[in-house]
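Report on one structure; see the data block that follows.
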Amino acid sequence: LAHVKLAHYYRPDEERGEDTNIGVSPHTDWGAITILLQDSVGGLEVFDQSSDEWIKVMPTPDAFVVNLGDLLARWTNDRYKSTKHRVISPPIGVHRYSIPFFSQGYPDYMVKVIPSCVVEGEQAKYPPIRAEDYLKTKFESTYRMIR
């Protein structure tokens, strides 16, 4: 499972309060890996757990940003954490574009904690699950209020 999205962020000319600064609220991606191509405007921020601060990801020409997702964290028994991030809206009247590629793995693949990611004497934190079933539970828990 994989998909590409063209994301367009734009802040209208009128300010509507502090909340309009957030283009996308803080979140982690559900899949394994997200590869992002940004434009030159910027706005992506990642959360640094050690300092409890948001860090700006400065756009770099001809470079990709790689975010680890929740599925990869599960696969590695949380050895690698998913990247909590958000998007700040661009300045008033400026358009921002980004193109994320989301990779969730083959739908029938059985995602099991990688044995080398389990500390000796401990057990895997997560039971095996098909990649498709995992994503389905994420969608259902996120969108259940819409039904």
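Values for this structure:
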read-out	value
Between helix 131-143 and the chain: long-axis angle, C-alpha atoms, 0 to 90°, nearest 10	50
Per DSSP, loop GluC sites (Glu not before Pro) in segment 96-147 with at most 12 further Cβ within 10 Å	Glu120, Glu122
Alpha carbon convex hull of the chain, volume per residue in cubic angstrom	149
Protein accessible area in segment 13-147, 1.4 Å probe - carbon and sulfur %	55
Surface per residue (accessible, 1.4 Å probe) for the chain, Å²	66
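The values are calculated or read from the model by the stated rules, or taken from the named source; none is laboratory data. Remember, it's a predicted structure, so these values are computed and weren't measured experimentally. Positions of Cβ are backbone-derived with ideal geometry, glycine not excepted, and every protein chain shown enters the neighbour counts. For accessibility, only protein heavy atoms count, side chains too; no ligands or nucleic acids. Shrake-Rupley method; radii C 1.70, N 1.55, O 1.52, S 1.80 Å.
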